[in-house]
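Enquirer: Here you go, one structure.
The values are calculated or read from the model by the stated rules, or taken from the named source; none is laboratory data. None of these values were measured; they are calculated from a predicted model. Cβ atoms come from the backbone with ideal geometry, glycine included; neighbour counts cover every protein chain shown. For accessibility, only protein heavy atoms count, side chains too; no ligands or nucleic acids. Shrake-Rupley method; radii C 1.70, N 1.55, O 1.52, S 1.80 Å.
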Amino acid sequence: MSKVCSMSGKKANNAYNISHSHVKTKKKQNVNLHKKRVWSIKKNCWIKLIISTKIIKSLNKVKI
C-alpha cells in the first residue's frame, strides 16, 4: 500500500532533522492516513478510502 491520499493526492515530504549542533540528517514526513468507510450519495453505497485527516475534516464540502 502506497502512502498517498486517494482524494487529495498528498504524499510524503522530504525534510531535515536538525540537531542542537546543527547537524542535518534526512528524514521523511509521512502523511497522516486513515482507512475510512464513507457513504457515497452518488453511488448510494459504502466506499472504502485511504484518506488523510485533513480530507476527513472536509468530507461535507467534497460530497462524494
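Enquirer: Tell me, which longest segment in the chain has none of the trypsin sites (Lys or Arg not before Pro) that fall in DSSP loops with at most 14 further Cβ atoms within 10 Å?
Expert: 12-41
Enquirer: As a test of the formula, what do you get for the chain when each DSSP H run with n ≥ 4 contributes -39,500 (n - 2.57) and the sum is divided by the residue count, at 222 nm and rounded to the nearest 500 deg cm²/dmol?
Expert: -2500 deg cm²/dmol
Enquirer: Of the lysine pairs in the range 13-61, how many meet both conditions: Cα atoms under 17 Å apart, and a spacing of 8 or more in sequence or different chains?
Expert: 9
Enquirer: Sorted from largest down, give the three principal axis spans of the alpha carbons of the chain, whole angstrom values.
Expert: 56, 24, 14
Enquirer: Which percent of the accessible area of the chain is formed by carbon and sulfur heavy atoms (probe 1.4 angstrom)?
Expert: 52
Enquirer: So, counting K/R as plus one and D/E as minus one, what does the shell of residues with Cβ under 10 Å around Val4 add up to?
Expert: Around Val4, the charge tally is +3.
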